[in-house]
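Heads up, the thing below is written out as structure tokens.
Just so you know, all these numbers are worked out from the coordinates, no wet-lab data involved. Please read these numbers as outputs of a predicted model, since none were measured by experiment. When we count neighbours, we look across all protein chains shown, and the Cβ atoms used for this are built from the backbone with ideal geometry, even at glycine.
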Amino acid sequence: MSLWSIAWRYLWNRKLTTALTILSVALGVGMISAVLTLREETQRRFEEEGQAFDIVVGSKGNPLQLVLSTVYFMDAPTGNMDYAVFESLKSHEDVTHAFPIAMGDSYKGYRIVGTSRELMDFAPGARSPYTLAEGRYFEKAQEAVLGAQVARDSGLKVGSVFVGTHGLVQSSFAESHDDHPYTVVGILNLSGSPNDRAIFCDIQSVWDVHSHCDADHDHDSDSDHDHDHAEDPDHDHDHAHDHDHEGQEVTAALIKLASPALRFEFKDQINKHSNAMAAIPIMEIQKLYEQLLGTAKLVLLAIGYLVVAISSLSILIGLYMAILQRRRDLAIMRALGATRGEIFGAVIIEAFWVTVLGIAAGWFMGALTCVVLNHFLVTRIGFHVPAIHMTADLVSAYSAVVLMGLIAGILPAWQAYRSDVARDLAEL
Amino acid sequence: MLNRKDAVMVLLEEVTRRLGPGVHFSCEKFYAAPGSRTALWGPSGCGKSTMLNLITGLLRPDSGTLRIDGADITALSESRMDAFRGERMGFVFQTFNLLPPFNALQNVLLGMRFSDTIPEQEWKSRAVAMLNRVGLERRLHSKPGTLSVGERQRVAIARALVNKPRLIVADEPTGSLDPKTAASVMALLLELCEEEKVTLLLVTHDRGIAEQLPDLFDCTGLAREDAS
């Protein structure tokens, strides 16, 4: 009969108290497990998006803002740059893919992103974030392909017609482009990427809409208007691709290089020798992650460890009370020949059992949380939450919990260690 | 009674121990031969339990000679004393002192767990044999709470003897039993000590119980107030 089984039988002898203590440890461990897993997956997903393009080029400003606005569709663009800049980038020998991005309008808060048809065929890594759930890709101006979340929230279907409003945020005061309606021709699969929240169209659509705005404004001011599509209902937007791009602007260019190793050199070239600004998405996003999500992770982890610390306290109190009630048993064991060290060890082992079982139960609770979150998030935003797997962070966290549990066992074990056997037997 | 020191299982000479302010224990001389059965008799508070604690090493004397089975236990370190106790002594208590989480068999196994006297592979067969010997072959897996008081004391006797000790110390072993059960438990204890050739020291305040044993040591006055 080992000390391990002796300790186990004492825990089993007070099942309810033991179960409650294990549960309190499990709550903390479950929270830590879920937070670490979610953080890892969030970071992986963010970085995956950031890795899709090696460089983003836009007008000068804040590089993070440029990345957020063009890759994640989350912030206001830094401004526009000449289409000529995009064309020169596209013809650069190190560039394998270059896609223009033009933004300025939105529909119900979802951005209308003007780009080239080729972007829809772009499949970075093993991912295909532009696959169609239904319909087809846009082929001419004023045709739109909706991200899955846009389609679901707006209720638009293939064949639906909608009108964009000026600006990138939903506002009742926003100017509506009634004269340039879009027709939905396709809906993308839910990808869990920013694409779910975007409306893609040919870049010509954006240019057309805004040239009209500019033209209308010009007309209002100096009546110099010679190309008003709105007054021509039969106007065929098929001619869009035939437009001369001279004088047009783009918000940004998404660039894929021949090798990621060229990123820094390419970025430096752009930043030093042109009026545009280049940013490396993965770098910007990692900086943001550390600043913003890193803090959120720390807060959640701190809460998790706080719960574990409180659980450790309950281990300490539970064991301490048990030792007080068990002075008789400990004295008998000493009378049977158990050394002080063996008594100390048996109590520490009890703390270890509670902690390890708490970790096992917590792991299960964390896994269950991830399964539930996965079910919810996959259907809502296409965000896949993986099952908990052992990462270095998780192993460190579990080790810390074991350590805290053992530390919690030291005081009761010391109490048992220094008990006066003769007195305890005399008091029986 | 004894002529040679090496024939002494328990020897106390000029043993003193302070028990508290103004009270001390003092035993001029006590000895018990190997295989003897001695009652330590006296009224409550006379010092017989203190004497038992000194003999078992749970209390250390302030002065005097205290030899058990040839060893000067006052010279043993605490850990050596723990091992010595586990190997050479068996305990029977008034309130049985079985450990509640463990069944009868496991309680007896614990008697061997903390010493190296019996090889581990023999633990179970030895424990079962002892429980059979005390008539509990059908209660091996019963928890103490489900046993009668007589059965509990039988388990305690089996636990005390399972380790083949040289000395059994029994503190009021029949104090919690009805007369009929007490008589049968006493008979069993004496019979087993005879069989196993174990020295028995039995503490009791009951003169009738004490007189069932061949030797009687009157403990009256061992614990007393300091002379002013």
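Summary of the geometry: the range B:34-61 and the range A:258-280, compared by the centres of their Cα atoms, lie 92 Å apart. Overall, the protein assembly as shown carries a charge dipole of about 7360 debye about its Cα centre when +1 sits on the Cβ of Lys and Arg and -1 on the Cβ of Asp and Glu, all other atoms neutral.
Working from the alpha-carbon coordinates of the range B:140-228, get Rg over Rh, Rh being the Kirkwood radius. It would help to have the intermediate numbers written out before the result.
Details: Rg = 15.1 Å, Rh = 14.5 Å.
Rg/Rh: 1.04.
The magnitude of the dipole of the range B:145-228, with charges of +1 and -1 set on the Cβ of Lys/Arg and Asp/Glu and taken from the Cα centre, is near 360 debye.
Report the local net charge at B:Glu87: Lys and Arg +1, Asp and Glu -1, summed over other residues whose C-beta lies under 13 Å from its C-beta. Write out the running numbers ahead of the final one.
Numbers: positive: B:Arg80, B:Arg85, B:Arg88, B:Arg113, B:Lys164, B:Arg166; negative: B:Asp69, B:Asp82, B:Asp116.
Charge balance near B:Glu87 sits at +3.
Based on the Kirkwood radius over alpha-carbon pairs, what is the Stokes-Einstein translational diffusion coefficient of the range A:3-57 at 37 °C with 0.692 mPa s viscosity, in µm²/s? Don't skip to the end; give the middle numbers.
On the way: Rh = 14.8 Å.
Answer from the Stokes-Einstein relation: 221 µm²/s.
Can you give the Rg/Rh ratio of chain B, where Rg is from the C-alpha atoms and Rh is the Kirkwood radius?
Details: Rg = 17.4 Å, Rh = 18.0 Å.
Rg/Rh for chain B comes to 0.97.
Mind checking which lysines have their C-alpha under 26 Å from A:Lys90, skipping anything on the same chain fewer than 8 residues away? Those lysines meeting the cut-off are A:Lys60, A:Lys140, A:Lys256, A:Lys267, A:Lys272. Dipole magnitude for the range A:3-122: about 1200 debye, using +1 per Lys or Arg Cβ and -1 per Asp or Glu Cβ, origin at the Cα centre.
Electrostatic bookkeeping for B:Leu109 treats Lys and Arg as +1 and Asp and Glu as -1; over the other residues with beta carbon under 12 Å from its beta carbon, the sum is +3. Between rounded, prolate and oblate, where does the range A:19-166 land on the alpha carbon gyration tensor, with a ≥ b ≥ c its root eigenvalues, rounded for a/c under 1.5, else prolate if a/b exceeds b/c? Note, shape of the range A:19-166 comes out prolate. Each residue of the range A:5-22 is assigned a 3J(HN,Hα), and the resulting list reads 6, 4, 4, 4, 5, 5, 5, 5, 5, 10, 4, 5, 4, 4, 4, 5, 5, 4 Hz, derived from the Karplus form 6.51 cos²θ - 1.76 cosθ + 1.60 (θ = phi - 60°), x at Gly and Pro. Remark on A:Arg111: its backbone amide H falls under 5 Å from those of A:Ile199, a criterion applied only to residues 5 or more positions apart or on other chains, H modelled at 1.01 Å from N.
To the nearest 0.05, how large is the calculated FRET efficiency for B:Ala183 and B:Thr220 if R₀ is 35 Å and r is the Cβ-Cβ distance? Before the final figure, lay out the partial values.
Values: r = 25 Å, r/R0 = 0.73.
Calculated value: 0.85.
Calculated FRET efficiency, A:Ser91 to A:Leu306, Cβ-Cβ distance, R0 = 45 Å: about 0.20 to the nearest 0.05. Positive end of the dipole of the range A:254-372 (Cβ unit charges, origin at the Cα centre): among A:Ile359, A:His273, A:Ile310, the Cα lying farthest that way belongs to A:Ile310.
Amide H to amide H, with H built 1.01 Å from N, A:Ala144 comes under 5 Å of A:Thr183, A:Val184, A:Val185, A:Gly186, counting only residues 5 or more places away or on other chains.
Using DSSP to call loops (not H, G, I, E or B), can you name the GluC sites (Glu not before Pro) in the range A:33-113 whose Cβ has at most 14 other Cβ atoms within 10 angstrom?
Working: sites: A:Glu40, A:Glu41, A:Glu47, A:Glu48, A:Glu49, A:Glu87, A:Glu93; in loops: A:Glu93.
Taking the range A:33-113 and a limit of 14 other Cβ atoms within 10 Å, the loop GluC sites (Glu not before Pro) found are A:Glu93.
The ellipsoid equivalent to the alpha-carbon distribution of the range B:1-106 has semi-axes of 23, 19, 15 angstrom, derived from the gyration tensor eigenvalues as √(5λ) and listed largest first.
Compared with the rule-of-thumb size 2.2 N^0.38 Å for a compact globular protein, chain A has a Cα radius of gyration ratio of 1.44. Prolate is the label for the range A:34-80, because a/c, from the alpha-carbon gyration tensor with a ≥ b ≥ c as root eigenvalues, is 1.5 or above and a/b exceeds b/c.
Along the charge dipole of the protein assembly as shown, Cβ charges K/R +1 and D/E -1, which of B:Pro21, A:Phe376, A:Ser396 sits furthest on the positive end? About the Cα centre, the residue reaching furthest to the positive side is B:Pro21.
Amide H contacts under 5 Å for B:Tyr31: B:Leu12, restricted to partners 5 or more places along the chain or on a different chain, H placed in the peptide plane at 1.01 Å from N.
Compute the separation of the alpha-carbon centres of the range B:113-172 and the range A:66-145 and state it in Å as a whole number. Here the two parts' Cα centres lie 83 Å apart.
May I ask you to give the average projected area over all directions of the convex hull of the Cα atoms of the range A:252-344, in nm² rounded to one decimal?
Working: hull surface 48.5 nm².
Average projection, Cα convex hull of the range A:252-344: 12.1 nm².
Between the listed residues A:Ala335, A:Ile101, A:Ala19, the Cα displaced farthest toward the positive end of the dipole of chain A, a dipole computed from Cβ unit charges relative to the Cα centre, is found at A:Ala335.
The angle between the Cα long axis of helix B:179-196 and the longest principal axis of the Cα atoms of chain B comes to about 80 degrees, rounded to the nearest 10.
Below 10 angstrom from the Cβ of A:Asp105, what's the summed charge of the other residues (Lys, Arg +1; Asp, Glu -1)? So the surrounding residues net to 0. Taking every alpha-carbon pair within the range A:20-98, the share separated by more than 17 Å comes to 64 percent. Shielding by partners for peptide A:1-13, expressed as the average number of C-beta atoms from other protein chains within 10 Å of each residue's C-beta, is 3.
Apply the Karplus curve 6.51 cos²θ - 1.76 cosθ + 1.60, θ = phi - 60°, to the phi angles in the range B:18-26 and return the couplings in whole Hz, x for Gly and Pro. Listing the rounded values in order: 6, 9, x, x, x, 10, 9, 9, 8 Hz.
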